[in-house]
Amino acid sequence: MTSSRRLLLSAALPALLVGTAQAQLQQGQNQPGQTGGVQAPTVQPSKGTPAVSGGRQGRSLINSWSLDLSLNYTDNFARIQEGDYERRFLLDGQAFASTLEDVTLPDGTTVQAVVPVSDTVPLEKIGKLFASASMSGASVMSRPGMRGLLRGTVRVGHYFDGTTFAEEVEDDIQGNLPAILDQVPQGVTIEPVVGGRGAFRETFVDPNISGIAQVDIVDKLLFIEGGGFVTEQQRGNGGFLTQQQAGQNFGEIIVGGFFISPGSRIDLPSQQAVELRLRNSSVVVIDEVDDPNFGGTVPQLGDSVSNEARIAYSSGSLLPKLGFSTEVFARRFEEEGTDTRPEQTLDQLSGSVAVNYDVNPRFSLLGVVGYDDAEIASTPAPLVDPLDPTAPPTPQPETTSDISGAFYTAGFSLRSSKGSSISLSVGERFNGTQINGDLRWIITPRMRASVGVNRRLSSGLQELQEQQVRLNNVGINFIEQLRSQNIAFSDRDVQSLVNVGFGNAAQISQGDLTIRPITNVNANLSGNAGRTSWAINSFVIIPEKFDPNPDDGIEPGAPSKRISVGAQVSRNLNRRLRVGVQARSLHLIADEDSTNPFDRDASEFLFGVTAGYAINRRWAVTAGYSHLRRDVDETGGPLSLFGGTPFDFQENVVRVGTRLTF
């Protein structure tokens, strides 16, 4: 490869920062893409004192909330590895000093490439102390014709040292400029930079709260369901959304969503039924960092809206041993385009017939056939001229992908007399293998296991909504189960609701923001013995390749696959002291066909211990320690905070505080 160099005074290459795939451990829930965090354990009231929420029969409203006041210290708030980092040079605060190089490709073709002038400087980890106040808990309403659940955490924090990452390293990156910068005209300022770590907010708010409500307006004939969520996420490389650890606010965005779904059900003789459902799901970016990257580009995320209509008929017990249902489903799915994100729409009209045949009371054969009339339209973001970023962006043409076609699945379901069950169906849909499965195994009265697998068409923003709907429905079903068995709600039951999903911790989204098929596999095993409770959970997320323009001859890659395994154990040592241990591993596997040099395999490991000592039934002292490590496959070259390059790092966090339960 040969090259010739000359200095360019204007070049714009976005400095996208890699988002840490940091998530937290979740205990005992069979939901894809959910992990949980190192949390202070729930401190149990002293023996003989009344429970906070009580356990009286017949209550329709239950509240269980706590306030945690903590002092926290992190030894690596910017999450960097100690070593030599790429340094670039900003001219008049507008563009990188760059060269235009003539590069000879392996096939002999010569092209010109813009390359920023750079060298390396050593950097060290930076520690910071911050205080935080967290309100977390759940409110439950359950009465005939009305069910509701609100749960989550809102954390407010403040760093005692508000110095930004750029200010922290400013003195370490000055001097010894490359000789080529002598060509810069006199009067043009040269500012050495090592890449920003996003906007730093000295005082931060991390909301992670969700809710759902179901109301019967006219018994089952007319009902309505609705809910919403607000969550703080981190904007990472390649459009990935991964929730950051609370207290860190690099590349922070606040995302909110709501859905409303009115419906009507008409019951017919022999348990036949007709149901009509309408649904609107909207996800909006409430607040995102608007500071431009080096080069002047402001990464933006658009809003997401999905409108659906469904009408279904089920035969009930009309025919002995044979049941069937029909369904017509329509959806309009829109992902808003921005200056840095493509615009996408999905139009889908589907019809299907499902059949189940009871071979015996415990074993059934399942089958579904149908047809999708579906098309995805994509309009890439306007193209910015890297040599003149101030010029108007060039609009890009729309491309369409027709994913219409017949689909089918075939499988079975098996039920045991003790409540365990398994179902599995395999077939083809959306130009790929369609698989749906569910296993629920009651091993012992104190130990349960579950496994689930499904494949669907979705996007990252809508998945944030769908995850919370699924998790909140788990809570609603739990409430209804207790009510149907005439069992009183206890504090332990309420705490179980708090621990579902990101209400007490965090979540990891499906990663990619574009519309594509996504396959999820998840499994968990949970139980308790005496004063000890434990859980092991895992998930695999496989985003599929999607080519919006198959005629252009370009084979697109797919977002990284994700594999996570976590475990959590907690034990009451006595009436006042409770300890917990949590561990998690997360593995990102880059697509083997990806042409992005920043797509690498990466692994993260989180370990934490917590302790809580109850002073009385309302007040407790808490403490915790966590260690986070990330390992990334090496590809050579210096460490860099430009372009989304991932790298190894380690972080230790220590926390002490107090908890008020009310």
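The values are calculated or read from the model by the stated rules, or taken from the named source; none is laboratory data. Since the model is a prediction, treat every value here as computed from it, not as a measurement. Virtual Cβ from ideal backbone geometry, glycine too; neighbours counted across all protein chains shown. Protein only, heavy atoms only, side chains kept; ligands, DNA and RNA dropped before computing areas. Shrake-Rupley method; radii C 1.70, N 1.55, O 1.52, S 1.80 Å.
Restricting to segment 340-384, what's the tally of residues that are of a type in the set (Gly, Ala, Ser) and exposed (fewer than 15 other Cβ atoms within 10 Å of the Cβ)?
Final tally of qualifying residues: 1.
Yes/no matrix, rows are residues, columns are (1) aliphatic (A, V, I, L, M); (2) farther than 18 Å from residue 94 by Cα:
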residue	(1), (2)
175	no, yes
178	no, yes
182	no, yes
185	no, no
190	yes, no
200	no, yes
203	no, yes
206	no, yes
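Give segment 142-166 a look and list any residue that's surrounded by fewer than 19 Cβ atoms within 10 Å (Cβ to Cβ) and more than 22 Å from the chain's Cα centre (by Cα), or say none.
142, 143, 144, 145, 146, 158, 160, 161, 162, 163, 164, 166
Out of curiosity, is residue 179 at pLDDT 90 or above, surrounded by fewer than 20 Cβ atoms within 10 Å (Cβ to Cβ) and out of contact with any Ser or Thr (no Cβ under 7 Å at 6 or more places or on another chain)?
no
Can you pull out every residue in segment 418-445 that is of a type in the set (Gly, Ala, Ser) and assigned to a strand (DSSP E or B)?
421, 423, 425, 427, 432, 437
Starting from segment 308-329, take each residue that is free of Cβ contacts under 8 Å to residues at least 60 places away in the same chain and list its partners that are surrounded by fewer than 16 Cβ atoms within 10 Å (Cβ to Cβ) and among the basic types (Lys, Arg), counting only C-beta distances under 9 angstrom and pairs at least six apart or across chains.
Every condition considered, the pairs that remain are 308/332.
Among the residues of segment 399-416, which ones are closer than 30 Å to residue 342 by Cα and either more than 30 Å from the chain's Cα centre (by Cα) or at pLDDT below 90 (or both)? Spell out how you get there, then give the answer.
Filtering segment 399-416 down to residues closer than 30 Å to residue 342 by Cα leaves 399-407.
Scanning segment 399-416 gives 399, 400, 401, 402, 403, 405, 406.
Just to be sure I understand the filter: pairs with C-beta atoms under 7 Å, separated by 6 or more residues or on different chains, first member in segment 569-590 and without any contact (Cβ under 8 Å) to a residue 24 or more places away in the chain, second member of a type in the set (Ser, Thr, Tyr) and surrounded by fewer than 18 Cβ atoms within 10 Å (Cβ to Cβ). Which pairs pass?
Pairs found: 585/603.
So the check is Cβ under 6 Å with 6+ separation or different chains; which pairs have a first residue in segment 144-166 that's over 15 Å from residue 471 (Cβ atoms) and a second one that's open to solvent by 60 Å² or more (accessible area, probe 1.4 Å)?
That search, which allows pairs on different chains as well, returns 154/135; 156/205; 158/203; 159/202; 160/129; 162/202.
Name the residue that is nearest to residue 78 (Cα to Cα), counting only residues in segment 154-176 that are β-branched (Val, Ile, Thr) and at pLDDT 85 or above.
169
Within segment 50-66, does at least one residue satisfy the condition of being modelled with pLDDT under 70, surrounded by 21 or more Cβ atoms within 10 Å (Cβ to Cβ), out of contact with any His (no Cβ under 9 Å at 6 or more places or on another chain) and under 29 Å from residue 470 (Cβ atoms)? Spell out how you get there, then give the answer.
First, the residues of segment 50-66 that are modelled with pLDDT under 70: 50-59.
Keeping just the survivors that are surrounded by 21 or more Cβ atoms within 10 Å (Cβ to Cβ) gives 53.
Filter again for out of contact with any His (no Cβ under 9 Å at 6 or more places or on another chain), leaving 53.
With the extra rule that they be under 29 Å from residue 470 (Cβ atoms), the set shrinks to 53.
Within segment 50-66, one or more residues are modelled with pLDDT under 70, surrounded by 21 or more Cβ atoms within 10 Å (Cβ to Cβ), out of contact with any His (no Cβ under 9 Å at 6 or more places or on another chain) and under 29 Å from residue 470 (Cβ atoms).
Considering only segment 418-447, how many residues are closer than 25 Å to residue 348 by Cα and among the aromatic types (Phe, Trp, Tyr)?
Residues in segment 418-447 being closer than 25 Å to residue 348 by Cα and among the aromatic types (Phe, Trp, Tyr): 1 in total.
In segment 185-206, which residues are open to solvent by 20 Å² or more (accessible area, probe 1.4 Å) and at pLDDT 85 or above?
Scanning segment 185-206 gives 185, 186, 187, 188, 189, 190, 191.
Okay, residues lined up against (1) free of Cβ contacts under 8 Å to residues at least 12 places away in the same chain; (2) among the polar types (S, T, N, Q); (3) exposed (fewer than 14 other Cβ atoms within 10 Å of the Cβ); (4) within 18 Å of residue 541 (Cα to Cα):
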{"residue": "419", "(1), (2), (3), (4)": "no, no, yes, no"}
{"residue": "422", "(1), (2), (3), (4)": "no, no, no, no"}
{"residue": "437", "(1), (2), (3), (4)": "no, no, no, yes"}
{"residue": "452", "(1), (2), (3), (4)": "no, no, no, yes"}
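Looking at segment 77-133, which of its residues are assigned to a strand (DSSP E or B), crowded, with 17+ Cβ neighbours inside 10 Å and polar (S, T, N, Q)?
Across segment 77-133, the qualifying residues are 98, 99, 132.
Which of the numbered conditions does residue 429 fail, given that it passes all the others? Conditions: (1) more than 26 Å from residue 358 (Cα to Cα); (2) crowded, with 17+ Cβ neighbours inside 10 Å.
Residue 429 satisfies every listed condition except (1).
Any chance segment 482-492 includes a residue that's over 24 Å from residue 376 (Cβ atoms), aliphatic (A, V, I, L, M), modelled with pLDDT of 75 or more and surrounded by fewer than 17 Cβ atoms within 10 Å (Cβ to Cβ)?
So far as segment 482-492 goes, no, none of its residues is over 24 Å from residue 376 (Cβ atoms), aliphatic (A, V, I, L, M), modelled with pLDDT of 75 or more and surrounded by fewer than 17 Cβ atoms within 10 Å (Cβ to Cβ).
Results for (1) modelled with pLDDT under 90; (2) out of contact with any strand residue (DSSP E or B) (no Cβ under 8 Å at 6 or more places or on another chain), shown as yes or no for each residue.
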{"site": "258", "(1), (2)": "no, no"}
{"site": "262", "(1), (2)": "no, no"}
{"site": "281", "(1), (2)": "no, no"}
{"site": "289", "(1), (2)": "yes, no"}
{"site": "292", "(1), (2)": "yes, yes"}
{"site": "296", "(1), (2)": "yes, no"}
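Which one of 400, 338 is more than 25 Å from residue 435 (Cβ to Cβ), part of a loop (DSSP other than H, G, I, E, B) and in contact (Cβ under 8 Å) with a residue 40 or more places away in the chain? Give the steps one after another, and end with the answer.
Numbers: 400 fails: part of a loop (DSSP other than H, G, I, E, B).
On inspection, the qualifying residue turns out to be 338.
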